[in-house]
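Peer 1: The following block contains the structure, expressed as structure tokens.
Please treat every number below as a calculation from the coordinates, not as lab data. Source: prediction; values computed, not measured. Because the Cβ atoms are built from the backbone with ideal geometry, glycine has one as well, and the counts that use them run over all protein chains shown.
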């Protein structure tokens, strides 16, 4: 076992502590990113995860790079208490909570909240969609709080 390295005098200890606390300043962007990542530290514990169980882009498209421009894509996410069905087109994401119920839907990108809305009494909603990149949907109802896996639309 190695022995701790002791500083021989109080002055040397204070100088060593001064060196440790005189780090160069950190950019505001890095500080904001650190705060954002800290805020999400318990998201998987706080929200039940809805798994992607169906994607129309994968049905019969083995070896194909993507569908035609403007083609409708359907995604199905399921959990033990609720399902989320999405239809994705060029500009919007339309969806429905199953079983039908009112709730609040948030669409987030890695940069944070992108769009949000409330569902109607049948659980239906419509949101604008980001141009590219992964997204995560968070669904809040009176009975549950669920999040989808990160998925590229």
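Peer 1: Would you call residue 145 surrounded by 13 or more Cβ atoms within 10 Å (Cβ to Cβ) and in contact with a helix residue (DSSP H, G or I) (Cβ under 9 Å, 6 or more places away or on another chain)?
Peer 2: yes
Peer 1: Cβ contacts < 8 Å: first residue touching a residue at least 24 places away in the same chain (Cβ under 8 Å), restricted to segment 126-138; second residue assigned to a loop (DSSP other than H, G, I, E, B) and surrounded by 15 or more Cβ atoms within 10 Å (Cβ to Cβ), any location; separation 6+ or different chain. Result?
Peer 2: Hits for this filter: 129/153; 135/129; 135/153; 138/47.
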